[in-house]
Amino acid sequence: MKPIQVGLLGIGTVGSGTFSVLQRNQEEIRRRAGRGIEIAMVADLDMTRAKQVVGDAAKVVGDAREIIANPDIDVVVELIGGYGIAKALVLEAIAAGKHVVTANKALLAVHGTEIFQAAAEKGVIVAYEAAVAGGIPIIKALREGLTANSIQWVAGIINGTTNFILSEMRDKGLDFDVVLKEAQALGYAEADPTFDIEGVDAAHKATLMSAIAFGIPVQFDKAYVEGITKLSGADIRYAEQLGYRIKLLGITKRADKGIELRVHPSLVPAKRLIANVEGAMNAVVVHGDAVGTTLYYGKGAGSEPTASAVIADLVDIARLHGADLAHSVPPLAFQSNTLGAAGKELPVLPMAEVVTSYYLRIRVADEAGVLAKITGILAHADISIDAMLQREADEVGGEGSNPEGTQGIPQTDLIILTHDTREGDMDQALAEIQALPTVLAPITRIRKEELN
Ligand code: HSE
């Protein structure tokens, strides 16, 4: 059978990896796919660099639309990223009858409904294994391997940059700003790391997993997104003393009234395997009613790990090319006529309705009755305390320990862990506590996930 013809849009890190892995493993991949997979064309603005990567093996062009217009190309691999030109090119490729493989989580999390709809109408595949957790086959696991289950929750470390930063903060006892600079110098973090450190990249990935796990449309606009920029070394140390690690988790969970979809720093018990995922590695835990808890671990970024996922999609497409796609695996795991029917699917819950437990750090004046006032407010809000820690007075000191206007007042940090509470109730209680004259600095609140 004639090899399937692929056009790459962009040959940076992932594109080069895709090219070299396809070349290196071509014989095994051909035996698996039932036909060869050939990169016939590559489009890149930097044509010189592209030619250095592919040599004479593929035609290099500067204009991506030359690939889309070529009737011999069966599959377009979009590795440009972002919502702008990438969206236009993906929709044009679909309109031209090409299958699409993309690693673009931002594009699918925001415009997925439109893109999957266009692909269904045209009878082509849009595949995106590389968009979530790089080389970990989590899309395949959720969509196919766990298809018997009613998924209860998914929680993942799905951003390597932030996990590297948090690991360094814990290992070396450094604050966020210092480690971010180190990560940038080492090339782990982008020059503009906003999407990573503010949790946006993780939220794009969590949004996709949420749709696949629960049969809801992709709804990035409903995700709660909080990054790691406000975490202090002190919170990481206190968490450790209480038996927890702090990780940036992407969480999506089935609750009574709807679906939780949230990204934020979370305390995770140090004994959980996922709490021990260090450096730039990714890991996703999925809990299904039949299978129980399963864990997927691996490299979430990088040239060949991401290429591994791109090529898996190419093999799926090579096997299905020319077949009736009506019986193929639906892109979002559920048949499209069961998605997005107004009012039928579970809503994504606002953050106030989320139920979780909390770590609170409250800087207070160290005087009689302060703790009683705080615990009184929590008790009145029906918030149950799980554990408490009071920093020794001689540990409180140094920079930031005397917020403006509080010089000379003896002060201490109260660390409180709570049991499960509705976030809206916690918001109200924290507003009351913050207003106490004996509370001397903004309260730190970090959510806690037991993941059991
Ligand atoms: N920037 C991402 C990360 C990789 O740090 O994990 C691509 O999604």
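The values are calculated or read from the model by the stated rules, or taken from the named source; none is laboratory data. Note that the coordinates shown come from a computational prediction; the quantities given were computed from them, not determined experimentally. Cβ: placed from backbone, ideal geometry, glycine included. Neighbour counts: every protein chain shown.
The rows are residues; the columns are (1) more than 13 Å from the ligand (Cβ to nearest atom); (2) within 20 Å of the chain's Cα centre (by Cα); (3) part of a helix (DSSP H, G or I).
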{"site": "ASN149", "(1), (2), (3)": "yes, no, no"}
{"site": "GLN152", "(1), (2), (3)": "yes, yes, no"}
{"site": "PHE164", "(1), (2), (3)": "no, yes, yes"}
{"site": "ARG170", "(1), (2), (3)": "yes, no, yes"}
{"site": "VAL178", "(1), (2), (3)": "yes, no, yes"}
{"site": "GLU182", "(1), (2), (3)": "yes, no, yes"}
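Could you please find all residues in the range 184-199 being assigned to a loop (DSSP other than H, G, I, E, B), under 15 Å from the mean Cα position of the chain (by Cα) and in contact (Cβ under 8 Å) with a residue 40 or more places away in the chain? Please lay out each step first, then the result.
Let us first name the residues in the range 184-199 that are assigned to a loop (DSSP other than H, G, I, E, B), namely 186-193, 198-199.
Subsequent filtering for residues that are under 15 Å from the mean Cα position of the chain (by Cα) retains 193, 198-199.
Residue satisfying the conditions is GLY199 alone.
Picking from residues in the range 125-147 that are part of a helix (DSSP H, G or I) and within 16 Å of the ligand (Cβ to nearest atom), the one that is farthest from LEU314 (Cα to Cα) is ILE138.
Would you confirm whether or not the range 190-211 contains a residue that is closer than 18 Å to LEU346 by Cβ and away from the ligand (no atom under 16 Å from the Cβ)? Yes, the conditions are met somewhere in the range 190-211. Of the residues making up the range 150-193, those that are farther than 18 Å from ILE236 by Cβ and surrounded by fewer than 21 Cβ atoms within 10 Å (Cβ to Cβ) number 11. Residues that are surrounded by fewer than 18 Cβ atoms within 10 Å (Cβ to Cβ) and polar (S, T, N, Q) were ranked within the range 319-378; the one that is farthest from ALA141 (Cα to Cα) is THR375. The number of residues in the range 74-88 being surrounded by fewer than 20 Cβ atoms within 10 Å (Cβ to Cβ) and more than 9 Å from LEU107 (Cα to Cα) comes to 2.
For residues that are assigned to a loop (DSSP other than H, G, I, E, B) and of a type outside the set (A, V, I, L, M), scanning just the range 298-308, find the one that is farthest from the ligand (Cβ to nearest atom).
Quick first cut of the range 298-308, residues assigned to a loop (DSSP other than H, G, I, E, B) only: 300-302.
With the extra rule that they be of a type outside the set (A, V, I, L, M), the set shrinks to 300, 302.
Working: GLY300: 5, GLY302: 8 Å.
Going through the qualifying residues, I end up with GLY302.
Of the residues making up the range 89-127, just one is hydroxyl-bearing (Ser, Thr, Tyr) and either surrounded by fewer than 22 Cβ atoms within 10 Å (Cβ to Cβ) or farther than 19 Å from PHE195 by Cα (or both), namely THR113.
When VAL291, VAL286, VAL268, VAL277 are checked against the criterion of being at pLDDT 95 or above, within 14 Å of the ligand (Cβ to nearest atom) and among the aliphatic types (A, V, I, L, M), VAL277 stands alone in meeting it.
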